[in-house]
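These notes concern the structure reproduced below.
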Amino acid sequence: MVVNGSLNEMQLDVVKEIGNIGAGNACTALSVLLGTAVNMDVPHVRILDFDSTSQYLGGGENQILGIQIDVTDDLDGMMFHIVRKPFAERIINTFYEKHLEDLANLDEMDTSVLSEMANITSGAYANALATLTNLFVNIGAPIQKCAKIGEILKIPFQSMVKPGEKILVIDEEFEIGEQKINSNMLLVLEKNSLMKLFERLGVMSL
């Protein structure tokens, strides 16, 4: 999430709890999509600034697949799935056998599979937000971009009405069969939406 200024301790706890519940829901949704048991270690939830997020995700020059999901209606913002090759390859190989040479060379079937994954798991995060706040939270269609992490992180800051300083970064470590794979979810809300979220949860700043 993005907010101008600092979050107090209670707000930090609420934001982290949203990340934990959303990640758990995403794990269940991924299991349904793949038709197999999916387990998840307790997710690590961090609140970082732009530069720290870039470094944490491997540096601004690190190339990844970013899948953008817009958050609309009662809350405005974005989610980003940060997908690396091992994660993408594991998801795709659930449906058909393929060795990925490079994330930049995904074909139409590959992007369709990954978009469906992002749509379902993002819906799980949106449902967590809606359930906790009793707000109507909708999501847009997935938009994929293979780029350096620094370019992906610029998207919300260039397109949101009130860009702020902090990003909610959720580490997702899934266990599918004998394989452990990692991805990250970034949750970004505009300032007014974040304040609405806190107001609904009773943790506004004094």
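Each other residue within a Cβ distance under 12 Å of Met40 adds +1 if Lys or Arg and -1 if Asp or Glu, for a net charge of -4. For region 109-206, the equivalent ellipsoid derived from the alpha-carbon gyration tensor has semi-axes of 26, 18, 14 Å in decreasing order. For Lys180, give me every one of the lysines with a C-alpha distance below 30 angstrom, ignoring sequence neighbours fewer than eight places off in its own chain. Excluding near neighbours in sequence, the set is Lys16, Lys85, Lys98, Lys145, Lys148, Lys154, Lys166.
Close amide H contacts of Asp41 (hydrogens built in the peptide plane, cut-off under 5 Å, sequence separation of 5 or more or a different chain): Glu173, Glu175. In sequence order, region 118-132 has phi-based couplings of 5, 5, 6, 6, 5, x, 5, 5, 4, 5, 4, 4, 5, 5, 6 Hz under the Karplus curve 6.51 cos²θ - 1.76 cosθ + 1.60, θ = phi - 60°, and Gly or Pro positions carry x.
Note on the chain: helix-only mean residue ellipticity at 222 nm, from DSSP H runs of 4+ residues weighted -39500 (n - 2.57) and normalised by residue number, equals -14000 deg cm²/dmol. Dividing the mean sequence gap of close Cα pairs (under 8 Å, 6+ apart) by how many residues the chain holds gives a relative contact order of 38 percent. Across all Cα pairs in region 49-112, the calculated P(r) in 5 Å bins from zero up to the longest distance comes to 4, 14, 21, 20, 16, 14, 9, 2, 0 percent per bin. Dipole check for the chain: with +1 at the C-beta of Lys and Arg, -1 at the C-beta of Asp and Glu, and the Cα centre as origin, the magnitude is about 360 Debye. To the nearest 10 degrees, how steeply does helix 191-201 sit against the main Cα axis of the chain, on a 0 to 90 scale? Tilt of helix 191-201: around 80 degrees.
If you fit an axis through the alpha-carbon atoms of helix 149-159 and take the longest principal axis of the Cα set of the chain, what angle between them do you get, 0 to 90°, nearest 10? Once rounded, the angle reads 40 degrees.
Over the chain, the fraction of Cα-Cα pairs per 5 Å bin, rounded to whole percents and listed from the shortest bin up, is 1, 7, 16, 21, 21, 16, 10, 5, 2, 0, 0, 0. Using alpha-carbon positions, what is the distance between the centroids of region 26-90 and region 109-180, in Å? Each part reduced to its Cα centre gives a spacing of 6 Å. Among residues other than Glu173 with Cβ under 10 Å from its Cβ, the summed charge is -3 (Lys and Arg +1, Asp and Glu -1).
Just so you know, all these numbers are worked out from the coordinates, no wet-lab data involved. These figures come from a predicted structure and were not determined experimentally. Neighbour counts are summed over all protein chains in view; Cβ atoms, including those assigned to glycine, are modelled from backbone coordinates with ideal geometry.
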